[in-house]
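The values are calculated or read from the model by the stated rules, or taken from the named source; none is laboratory data. Being a predicted model, the structure only gives us computed values, none of them experimental. Reconstructed Cβ throughout: ideal geometry from the backbone, glycine too, with neighbour counts over all protein chains shown. We work out accessible area using only protein heavy atoms, side chains counted, and drop any ligands, DNA or RNA first. Shrake-Rupley method; radii C 1.70, N 1.55, O 1.52, S 1.80 Å.
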Amino acid sequence: MNDKAATIGVLGAGAWGTALAQMLASDGRKVLLWARETELVDEINAKRTNSLFLPSAKLAQSIHATGDIADMAGLDALLVVTPAQHMGSVLGSMPAHSRDLVLCSKGIEAGSGRLMNHVAQGVAPHSAIAVLSGPTFAHEVAAGLPTAVTLACSGGEDQWERIAPVIARPSFRPYYSNDVTGAEIGGSVKNVLAIACGVVEGLSLGQNARAALIARGYVEMLRFGEALGARAETLAGLCGMGDLVLTCSSAASRNFSLGKALGEGGRAEELMADRKTVAEGAHTAPVLVELAARHGIAMPIVTAVYDLLKGDDPRAVVSGLLARPLRAEQSPAG
Ligand SMILES: NC(=O)C1=CN([C@@H]2O[C@H](COP(=O)(O)OP(=O)(O)OC[C@H]3O[C@@H](n4cnc5c(N)ncnc54)[C@H](O)[C@@H]3O)[C@@H](O)[C@H]2O)C=CC1
Ligand SMILES: O=C(CO)COP(=O)(O)O
C-alpha cells in the first residue's frame with residue numbers, strides 16, 4: 001500500500017473518533033467517518049462540527065461523514081473508535097474484508113473478558129490488527145497539539161511500515177511496538193485507576209494520596225499485564241505509565257471526573273445514567289475484578305473502585321484500603 005494512496009476511515013464519531021479524523025485530515029487527506037447518529041452525519045457534512053461529542057473543533061473539509069457502515073468496507077485502513085462494549089457488534093455489522101484495523105478503544109469486553117484485539121479478530125478474521133493507545137485527550141489532538149502514542153502491530157514491522165506513515169503527522173507521533181496485549185492492558189487498567197484518583201480528589205485526600213495511588217495502581221497494572229503476557233517495558237511506556245499520568249491528574253478525563261463526583265457523594269447509578277459520553281473504567285472495573293480473581297492476582301485499588309461503583313461509601317472504601325496489613329512494596333499480595 002502506497003501511504004499517499006491508502007484509503008482511510010474512522011469507525012465511531014465520538015470525541016476520540018472525531019479528533020482522530022481531524023488529525024488524519026490535517027494534511028488534506030480524505031477521511032471517511034462513520035457516525036452512528038444520523039443527525040451527526042448531517043451536521044458534520046453541513047456545518048463541519050460535532051456538537052454532540054467534540055463541540056470545540058471546526059472540522060476539516062476533507063472529512064466526509066456517513067451513516068452507512070457498508071461505505072467503510074473497501075477502505076485500506078480503519079481506525080476503530082467505538083466504546084469497547086460495542087466494538088464487536090459494530091465491526092460485526094460491516095461486510096468482511098481484508099484490511100488493517102487499528103483499535104483505538106480502551107476497555108475489556110464484559111462477560112467474555114476478552115481484550116479488544118480478540119473481539120476484533122473474532123468478527124474480522126481476515127484483518128490485520130493493531131492497537132493505538134497513549135496519553136491522548138481528544139480535544140488536544142483535534143487542536144493539533146503535540147501527542148505521542150504506542151502503535152502496537154500484531155503483524156510486526158511489516159504492518160508498522162504499512163500503517164505508521166498513514167497515521168503519523170508532524171504533531172502526532174506513533175512509536176512502534178509488537179506488544180498488542182500490553183498496549184491494550186495499559187489503556188484499560190488506567191481508566192479504572194483514573195476513577196480512583198478522581199475519588200481521592202472528590203474526598204480532598206491530598207496530593208500525597210494521589211501519588212501513592214498512581215504508584216500502587218501501576219503495580220496492579222504490571223501484575224495483571226504480566227499474568228496476561230504483556231511486557232513490563234510496554235506498560236512503562238506511553239500506553240501505560242504515560243496515560244496513567246495524564247488521566248490521573250486532570251479533570252478533563254471523564255473517568256477522573258466520574259471518580260471525583262463519586263468522592264463528592266454522587267450515586268454511581270445516577271452519575272452513569274446522566275452521561276452521554278463514555279467513562280470506560282466503570283465498565284472495565286467489574287470484568288477486571290473477575291479476571292484478577294481468575295488469575296489469582298491482587299488488585300486492591302481496582303477492587304475498591306468496583307465496590308464504589310456498586311454503591312459502597314467512599315470513606316469506608318478508603319479506610320478499608322488503608323487498613324490492609326503492612327507488607328513489602330513488591331509483595332504479590334498487593
Ligand atoms: N475521548 C478521548 O479523549 C479518548 C477516548 N478513547 C477511547 O475511545 C473510545 C470511544 O470514546 P469517545 O470517542 O471518547 O466516545 P464519546 O464518549 O465521545 O462518545 C460516545 C460514543 O459512543 C457511541 N455509542 C453509544 N452507544 C452506542 C452503541 N449502542 N453502539 C455503538 N456505539 C455507541 C456514540 O455513537 C459515540 O461515538 C473509548 O473506548 C475511549 O476510552 C481513547 C483515547 C482518548
Ligand atoms: O484515554 C484518554 C486519554 O488518553 C481519555 O480519558 P477519559 O476517557 O478518562 O476522558
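So the values come out like this:
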| read-out | value |
| --- | --- |
| Residue within the stretch 269-277 that is open to solvent by 50 Å² or more (accessible area, probe 1.4 Å), at pLDDT 95 or above and either more than 20 Å from the chain's Cα centre (by Cα) or closer than 21 Å to residue 211 by Cβ (or both) present | no |
| Pairs, first polar (S, T, N, Q) in the stretch 186-203, second near ligand 2 (Cβ under 10 Å from one of its atoms) and in a helix (DSSP H, G or I), C-beta under 8 Å, six or more apart | 188/280; 191/247; 191/255; 191/280; 191/281 |
| Search result, residues across the stretch 296-326 that are basic (Lys, Arg) and either under 14 Å from residue 262 (Cβ atoms) or open to solvent by less than 60 Å² (accessible area, probe 1.4 Å) (or both) | 310, 315 |
| Any hit, the stretch 221-241, residues being closer than 17 Å to residue 107 by Cβ, open to solvent by 40 Å² or more (accessible area, probe 1.4 Å) and within 16 Å of ligand 1 (Cβ to nearest atom) | no |
| Given (1) out of contact with any Gly (no Cβ under 9 Å at 6 or more places or on another chain); (2) open to solvent by less than 10 Å² (accessible area, probe 1.4 Å); (3) outside the structural domain of residue 19 (by the TED database), index of the condition residue 209 fails | (2) |
| Residue match in the stretch 234-249 (condition: at pLDDT below 95 and within 20 Å of the chain's Cα centre (by Cα)) | yes |
| Residue within the stretch 296-315 that is assigned to a helix (DSSP H, G or I), over 22 Å from the mean Cα position of the chain (by Cα) and within 16 Å of ligand 2 (Cβ to nearest atom) present | no |
| Only one of 148, 152, 143 that is within 16 Å of ligand 2 (Cβ to nearest atom), small (Gly, Ala, Ser) and open to solvent by 60 Å² or more (accessible area, probe 1.4 Å) | 143 |
| Within the stretch 106-126, considering residues that are away from ligand 2 (no atom under 14 Å from the Cβ) and touching a residue at least 40 places away in the same chain (Cβ under 8 Å), the one surrounded by the most Cβ atoms within 10 Å (Cβ to Cβ) | 108 |
| Residue in the stretch 242-259 that is among the basic types (Lys, Arg), in the same structural domain as residue 197 (by the TED database) and more than 16 Å from ligand 2 (Cβ to nearest atom) present | no |
| Complete set of residues in the stretch 27-84 that are within 25 Å of residue 127 (Cβ to Cβ), small (Gly, Ala, Ser), free of Cβ contacts under 8 Å to residues at least 60 places away in the same chain and open to solvent by 20 Å² or more (accessible area, probe 1.4 Å) | 62, 67, 70 |
| Breaking point among (1) in contact with an Asp or Glu (Cβ under 9 Å, 6 or more places away or on another chain); (2) more than 14 Å from ligand 1 (Cβ to nearest atom); (3) open to solvent by less than 30 Å² (accessible area, probe 1.4 Å), for residue 24 | (1) |
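Residues checked against (1) under 18 Å from the mean Cα position of the chain (by Cα); (2) among the small types (Gly, Ala, Ser); (3) not assigned by the TED database to the domain that holds residue 292:
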position	(1), (2), (3)
134	yes, yes, yes
137	yes, no, yes
163	no, no, yes
172	yes, no, yes
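The rows are residues; the columns are (1) in a helix (DSSP H, G or I); (2) of a type in the set (A, V, I, L, M); (3) more than 16 Å from ligand 1 (Cβ to nearest atom).
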residue: 165; (1), (2), (3): yes, no, yes
residue: 205; (1), (2), (3): no, yes, yes
residue: 209; (1), (2), (3): yes, yes, yes
residue: 251; (1), (2), (3): no, yes, no
